[in-house]
Amino acid sequence: MSARRIVRATKKRIILAFLILIAVLYTGFVVFGQGFVVSKTDTLLKKVFSKDAVSSGHEVVGPLDTRQPVLGSNTSSDNNASQSFNATLSDDRATIQGMPEMKQEDEAEFLQRMANVQNVRHDLIRRRCADTYNITEQVDFRRDREKILSWKKFYEHAYANDDFKFIICRVLKVGSFSWRKVIRSLYDKGSPAFKKKQKMGDYPIREYDNETFLVELENYTKILFVREPFARLLSAYRDKYVELRHFPYYKPIGSKIIQAFRQGATRRQINSGKPTFEEFVKWLVRDPDNREGDYHWRPLFDWYHPCEMHYDYIGKLETATEDARYIFKMLGIDKLETYPSTETHHKFSSTKDVLKQYYSQISPELVPKIVYRYREEFVLFNYSVPQTLSDIWS
């Protein structure tokens, strides 16, 4: 071999080795970057999900109770699922004011995209229920009959439709008015289901005997709609203590809140029954492990048991228009002229300006306490955990 050929071959080997080195370094950088993000998220979650951290501000690692996340033990597949979720969906906090504009897509593309969204949401819930809460089995309607019946009081707030055989399990303050309007429009005015609705109202499950409840819950398509916890909490406060809906019922609660959390409160202030938002939040998080309370602000995890009950579709208020369009399409419902909106009946409750107006009034130390109360919703539904007050509305 001539000297020229040897030099040429040597150059090729050097170039090839250089390219391989670049590829290895790039791969390492990507893996490190992803690991850093996951590590940072886990550290934050450890901090806000610890009862000791809630009370003292210090990070405590380790399980708190049967619902306590065991963080820092995610497998690579868990990380992949989380990354896939983030790649598929836009951040929920960023879509609070409505879905961003998208490129035009045909029906087939829309259905495929939304099917992928549902698959990712279900996969995330399944993995995090197993790894974070050690719940790997869902209820069996025969074996776990008594357990399911003990949940009936929560399902009394769900919408059921016998014509199309579905149940919408929506959390209060998750577009109730919009959903009620849509569900009513579905009924065939001459059908037995419509006559049943006229007799029982919008929530027929309240009137079901145990056998009917079990049969429908097992066999009907079950749809769960959720909402970003900070926005839902604010909406509940505004609904009851600003717009004063059903105020005679909530006024005594408000008076107790003022009496407990307002120094030097006058009798007139106490009798008004209208606490400030910060007073309301302080009352709500006063006991980190108090899971009881009004349905409007009770944690969803104790309500619809998303780790133990299989839901055919998972929807979010932040993407309600798209989610509902897809779900109803899959149910064979094509006659809807309108779909549930990404906004609630009190549509201004979720805008950035309103979130800032109210949450800027509260002490920063209350943020991790709110997160702790609704911790399962952040974990299971991939909502962003705010590190500061401004993160809530930014």
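The values are calculated or read from the model by the stated rules, or taken from the named source; none is laboratory data. These numbers were taken from a predicted model, which means no experiment stands behind them. Note: ideal-geometry Cβ built from the backbone for every residue, glycine included; neighbour counts use all protein chains shown.
Residue 264 meets the conditions (1) in contact (Cβ under 8 Å) with a residue 12 or more places away in the chain; (2) part of a loop (DSSP other than H, G, I, E, B) in every case but one. The failed one is (1). Just so you know, in the stretch 248-277 the residues that are in contact with a Phe, Trp or Tyr (Cβ under 8 Å, 6 or more places away or on another chain) and not basic (Lys, Arg) include one that is surrounded by the fewest Cβ atoms within 10 Å (Cβ to Cβ), and it is 260. Within the stretch 230-246, being without any contact (Cβ under 8 Å) to a residue 60 or more places away in the chain and either under 25 Å from residue 353 (Cβ atoms) or among the small types (Gly, Ala, Ser) (or both) holds for 240, 241, 242, 244, 245.
Checking the stated criteria, residue 257 turns out not to satisfy the condition of being in contact with a strand residue (DSSP E or B) (Cβ under 7 Å, 6 or more places away or on another chain) and modelled with pLDDT of 85 or more. Restricting 262, 268, 286 to residues that are closer than 18 Å to residue 375 by Cα and either touching a strand residue (DSSP E or B) at 6+ places or on another chain (Cβ under 9 Å) or not aromatic (Phe, Trp, Tyr) (or both) narrows the list to 286.
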